[in-house]
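Note sheet for the following structure.
Where a number appears in this text, it was derived from the coordinates with a stated rule and is not lab data. Bear in mind that the values here come from a model prediction, so they are computed numbers and not experimental data. Virtual Cβ from ideal backbone geometry, glycine too; neighbours counted across all protein chains shown.
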Amino acid sequence: MKIVFESGIKFGTSGWRAIVADEFTVANIRLAVAGIAAYVKTQPEPHRVLVGRDPRFLGESFVDVASRVLAGAGVTPIVIPEAAPTPAIAYAVRTLKTSGAINVTASHNPPEYNGIKFSTHDGAPALPEVTKQIEAAIDLLGDGGSIISANAPAGGFETADVKPAFLKRLEELVDLKAIAKSGIKVVYDPFWGAGRGYSSDLLREAGVAVETVHDYRDVLFGGHAPEPSDELLGDAKAKMREIGAVIGIATDGDADRFGIVDGDGTFLQPNYVIALLFDYLVETRGWKNGVAKSVATTNLINAVAEYHKVPLFETPVGFKYIGELIIEDKIAIGGEESAGLTIRGHVPEKDGVIAGLLVAEMVATRGKSLGTQLKELFAKVGSFYPVRENFRLTPEVKAAFTEKMKADPTELGGRKVSKVVRTDGLKLILEDGSWVCYRLSGTEPVVRAYTEARSEQDMEALKAAAEKFVLS
């Protein structure tokens, strides 16, 4: 069967996402997958690609559509029958030595969205040079090319269970015995997502007392985005109080992002989690090869790197850049303020599962709450208070601000700018070490402003100055 389509699909920092039945249609899925298949065919054989999904509506059908297009293009699809975490799929790419993976997921986006992530043969998110090739192939297909959709062979497409090998790898990387020995209680919230049965199964098998919430399939994710943010973790906090848990861990829809709740119900923002784990891994593993963070992530990590005399890599936003450093074994840990993290010897992809397990290990081993650990870290290297805000822009303000982004400001809110960084967007570093980073959204009229003050007292003033710079 040959089908002809028009193009218009673009891959962002983490694949292509759109609203189901609007832009995320069967026709566009075929087009996107055909573009991926065209790229895969330019790579060395064997041309075999894993096809997985999160638990969203019609996920099984979309996987079947993608598999048929791959087969029609001469690429062998390997179907993952059950919903699986993005990091588990990435690990399977490496162990099964496939040409990559297509993951039908919209990650932490609301339930009306779906999307496609493509991982290359190394298990890392596709780099810009790869997605450009895919988009070019899509454009050619949209300009009159054709797509062949093949039928499954007798007995169906080849399948793979990615869970056992991934859990085994996590057992090697996390000290589960230490967690069990400590006797701590843990609550896990998979947000109805692909992480179900991963963190909780591993902890239970190790003898850890763990309870779960939202541990069943709901394609509407409770009616909101499957995002482990503070305001959506109420049920996990209630369960923690009920059983006396000292730590709550959560993952998003495809389990590549994490959310962490301290024993007193305080949500610990990802910036702090990454910094604490970095300090802990240096202390317990002796890993001092390096640390990576995106330009929008806390400079607390810079301070910890300086304290431990560890090389620091500051990357553009997008985990693919951190993934490259993991592959090259240049870093012990890499993270982004948007709750993405991975460690040395693991997948070059965000892993919310291992993040939560490592935090549980850290609490168990140190025998201290996360709040106490953070205060101790501040005492060692100084205090940092990061915040992220989004500002919606009128066309006029956006045009003016776009021009302003090209300049090198010398002051912000009456304070001298000591350094201008353009790794990604515009980052203004002030004399006291506080900073503001601006990034324009590529999909909506929004500018993201990341601010970090050196004291709680200065936070509001810095936020006000950051906003004024955008809107004035």
Query - For segment 2-161, fraction of C-alpha pairs farther apart than 23 Å, in % - result: 27
Query raised in the report: About its Cα centre, what dipole magnitude does the chain give when the only charges are +1 on Lys and Arg Cβ and -1 on Asp and Glu Cβ, stated in debye to the nearest 20?
Result: 700
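Could you list the GluC sites (Glu not before Pro) in segment 416-466 that lie in coil according to DSSP, counting only those with at most 14 other Cβ atoms within 10 Å of their Cβ? Could you put the intermediate results ahead of the total?
Values: sites: E431, E452, E456, E460; in loops: E431.
Listed in order of number, the matching sites are E431.
Using a Förster radius of 45 Å, what is the FRET efficiency between E396 and E205 based on their Cβ-Cβ separation? Nearest 0.05, please. Walk me through the intermediate numbers first.
Working: r = 58 Å, r/R0 = 1.30.
Calculated value: 0.15.
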Requested in this report: Provide Rg and Dmax in Å for segment 385-471, with only Cα atoms included in the calculation.
Outcome: 12.2, 35
Report summary line: The farthest towards the positive end of the charge dipole of the chain, of the residues P55, S67, T98, given +1 on Cβ of Lys and Arg and -1 on Cβ of Asp and Glu, is T98
**Report entry** Label-point separation, Q133 to K330 (7 Å along Cα→Cβ), nm
**Finding:** 2.1
Query raised in the report: How far, in nm, would the chain grow between A152 and K168 when pulled straight, counting 0.36 nm per residue and subtracting the alpha carbon separation?
Result: 2.6 nm
Query raised in the report: Which residues does a label at L220 reach in segment 102-119, if reach means a backbone N under 14 Å from a point 7 Å past the Cα toward the Cβ?
Result: 111-113
Report summary line: Ranking T423, A465, Y450 by how far each Cα lies towards the positive end of the charge dipole of segment 399-472 (+1 on Lys and Arg Cβ, -1 on Asp and Glu Cβ), the top one is T423
Query - Likely footprinting exposure, F57, F319, F401, F24, fewest C-beta neighbours within 10 Å first - result: F57, F401, F24, F319
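At 10 °C and a viscosity of 1.306 mPa s, what translational diffusion coefficient does Stokes-Einstein give for segment 87-142, taking Rh as the Kirkwood radius over Cα pairs? Give it in µm²/s as a whole number. Show your work: numbers first, answer last.
Working: Rh = 12.3 Å.
Here the translational diffusion coefficient equals 129 µm²/s.
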Report summary line: Cα gyration tensor of segment 165-381 diagonalised, 5x eigenvalues square-rooted, in angstrom largest first, produces semi-axes 25, 19, 17
Report task. DSSP loop (so not H, G, I, E, B), at most 11 other Cβ within 10 Å: list which trypsin sites (Lys or Arg not before Pro) in segment 299-408 pass both filters. Result -> K309, K406
**Report entry** Residue list for segment 258-298, given a label point 7 angstrom along the Cα-to-Cβ vector of T372 and an amide N cut-off under 16 Å
**Finding:** 262-266
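Against the empirical 2.2 N^0.38 Å scaling, what ratio does the C-alpha Rg of the chain come to? Can you show the working numbers first?
Details: Rg = 22.3 Å, N = 472, 2.2 N^0.38 = 22.8 Å.
Rg over 2.2 N^0.38 Å, computed on Cα atoms: 0.98.
Tell me which trypsin sites (Lys or Arg not before Pro) from segment 193-246 have a DSSP coil assignment and no more than 15 other beta carbons within 10 Å of their own. Show your work: numbers first, answer last.
Numbers: sites: R196, R204, R217, K237, K239, R241; in loops: R196, R217.
In loop regions of segment 193-246 (DSSP not H, G, I, E or B), the sparsely surrounded trypsin sites (Lys or Arg not before Pro) are R217.
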Query raised in the report: Calculated from DSSP H runs of 4 or more alone, at -39500 (n - 2.57) each and per residue, what is the 222 nm mean residue ellipticity of the chain, nearest 500?
Result: -11500 deg cm²/dmol
Query raised in the report: Cα centroids of segment 156-179 and segment 63-85: how far apart, whole angstrom?
Result: 22
**Report entry** Rough spin-label spacing in nm, given labels placed 7 Å along Cα→Cβ, for V446 and T76
**Finding:** 4.2
